[in-house]
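Beneath this line is the structure, given in structure tokens, with notes to follow.
Throughout, read-outs are computed from the coordinates displayed, never taken from laboratory work. Owing to the predicted nature of the structure, the values given are computational and were not obtained by experimental measurement. Quick reminder, even Gly has a Cβ in these numbers, built from the backbone with ideal geometry, and neighbours come from all protein chains shown.
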Amino acid sequence: MSTVAGVKPVPFLIGGQWIQDTPSYITHVNPATGEVNYQVCAGTEAHIDAAVKTAHAAASKAEWRGMLPHKRAEILNKIADLMIERSDLLARCQMLENGKVWKECKNQVINGAATFRYCAAAIETLGSEITPPRGNYLSMTVYEPWGVVAAITPWNSPITLTCNKIAAALAAGNGVVLKPASYTPTSGIELGRIALDAGVPPGVLNVVPGAGSKIGDALVTHPLVRMVSFTGGTEVGRRISELAGRKVIPAVLELGGKSPHIIFADANLKAAADAATVAIFEGTGQSCTAGSRLFVERKVYDEVLSMIMERARALRVDLPDAPGAQLGPSASFAQRDFVEKMVEGARQEGSEILIGGSRPSDPRLAKGAFYLPTIVTGVTNKSTIAQQEIFGPVLCAMPFDNEDDLIQQANDTTFGLASGIWTADYKRAWRVARALEAGMVWINTYKQFSTAAPFGGFKDSGLGREKGLQGIRTYQQVKTMFWSMSDTFDGGFSIAK
Ligand code: NAD
């Protein structure tokens, strides 16, 4: 494939070198305009092999593996500084590639930098443990890097998701090969440049973009890869887990969701309606934690739905860099077509489309992958639209009659990522929160995130946790040491002398 006239394809990073000479390129199309942004060099299996070997060599050197935690923390803090300095560039990479609105892109950079600072503070203060002995010895638990981590990210929020992985993996002392999604390669590439500039030794962090179907297996099955950290869809996650299982290496999986957002009649209905609107429509619905299944107690169902409709109608769907834009396009035309197909299917299944259900009529948006905020009702929780992840601005609203009925419906999904409960009754909030099969429960709020709190799912939504202190331990393996305090050997059977 030829390159865009006059513009060099964007190179990627292996061993501190910028790789430009590749047999093919990813042609990047802006989902807001349909225009070609640029081309990006696409990695091959040979590049993956080189990147993994380089990461292994660099991560094995004392310079990185033996670096004292406070020194590693200095580098992570420097990465955070450079991210803030280059925040416009990073945000622009993401906005051009997945159409996320500018403000959200900038916030992701700021939060990503905060993740590096958190990991810096954590690694400087996290200790080893002395465990209770059962004899005359000292027993200790120490934490060590896995070696080379394969970090595979999706296209919806590449800045946030890449920072979650590489900040913790680097803090823990690993080498990393990052494979960003083909739709969103350049923010990861720029983070690779920042890491180099901040003093991460060349080769410790490598970034190789390319289609998962072409280079994914080569990465996961490479003998020197000792851990996989994957965020993406459940089917790909399942395959990665199988491949990792055969190698007996851990795979941390952050997968899809179809999260129940629950409103009881006694809740603060205005705040709940605000939250329900943000929970599904922020990021154009392309969020794994989107509150995509709305359950409202029947006696306030109509009232709450009309409040959400009013709020959704007022949302500003616009070009991602337009001041005040709240929803950009879908991240790709293929994704918009999928959303459209799902809504059409729901229509044919007999559901009612309360608002949206079409592309916007504004001619300025005609060339982009836009779709209006959509609310679907008249469906049961068993319907396809209520069960399958859509990853678009589509809310599926359903009434419930009582707590038991609610819990049964809310848990009737293969997913278990997030959930939200609105009620004034704290005892009910506790009961329902404990009964929900989900890795995260928001009570009288939704989509609050903290780099200090573990993140991950139940059931088909994933395995393992990122973020928080647990998220750093994810990137470390455990070593137990027994250290005798005796001058004689006093274990096992006695030796005749
Ligand atoms: P995807 O599974 O298609 O792709 C994710 C990444 O995996 C991409 O980099 C892709 O190139 C790569 N990949 C594809 N096939 C591969 C293979 N065989 N081996 C190795 N890598 C391979 O997901 P997507 O469409 O990019 O992202 C959307 C999905 O991600 C949604 O299901 C969403 O819910 C999920 N997601 C989950 C979280 C979370 O934290 N739980 C966060 C964001 C997105």
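Couple of notes before you dig in:
- Residue in the stretch 140-153 that is of a type in the set (Phe, Trp, Tyr) and either under 17 Å from the mean Cα position of the chain (by Cα) or farther than 24 Å from Gly464 by Cβ (or both) present: no
- Selection within the stretch 469-493: residues that are crowded, with 19+ Cβ neighbours inside 10 Å and touching a Phe, Trp or Tyr at 6+ places or on another chain (Cβ under 8 Å). The member of this set that is nearest to Ala122 (Cα to Cα) is Gly471.
- Checked against the criterion of being surrounded by 21 or more Cβ atoms within 10 Å (Cβ to Cβ), within 15 Å of the ligand (Cβ to nearest atom) and either touching a residue at least 40 places away in the same chain (Cβ under 8 Å) or β-branched (Val, Ile, Thr) (or both), the stretch 426-437 has no qualifying residue.
- Among the candidates Lys447, Lys459, the residue that is buried (at least 16 other Cβ atoms within 10 Å of the Cβ), touching a Leu at 6+ places or on another chain (Cβ under 9 Å) and of a type in the set (D, E, K, R) is uniquely Lys459.
- Residue match in the stretch 158-181 (condition: surrounded by fewer than 24 Cβ atoms within 10 Å (Cβ to Cβ), within 17 Å of the chain's Cα centre (by Cα) and either under 25 Å from Ala122 (Cα atoms) or more than 8 Å from the ligand (Cβ to nearest atom) (or both)): yes
- Among the candidates Leu315, Leu305, Leu294, Leu319, the residue that is touching a residue at least 40 places away in the same chain (Cβ under 8 Å), part of a loop (DSSP other than H, G, I, E, B) and touching a strand residue (DSSP E or B) at 6+ places or on another chain (Cβ under 9 Å) is uniquely Leu315.
- Of all residues in the stretch 194-206, none are within 28 Å of Gly328 (Cα to Cα) and either in contact with a His (Cβ under 6 Å, 6 or more places away or on another chain) or near the ligand (Cβ under 10 Å from one of its atoms) (or both).
- Subset tally (residues that are within 11 Å of the ligand (Cβ to nearest atom) and touching a helix residue (DSSP H, G or I) at 6+ places or on another chain (Cβ under 9 Å)) for the stretch 450-463: 6
- Flag for Pro360 being away from the ligand (no atom under 16 Å from the Cβ), touching a residue at least 12 places away in the same chain (Cβ under 8 Å), buried (at least 22 other Cβ atoms within 10 Å of the Cβ) and not charged (D, E, K, R): no
- Strands (runs of 3 or more DSSP E) contained entirely in the stretch 380-497, each with at least 1 residues that are of a type in the set (Asp, Glu) and in contact with a Cys (Cβ under 8 Å, 6 or more places away or on another chain): none
- Unmet criterion (only one of (1) under 30 Å from Gly368 (Cα atoms); (2) more than 22 Å from the chain's Cα centre (by Cα)) for Val101: (2)
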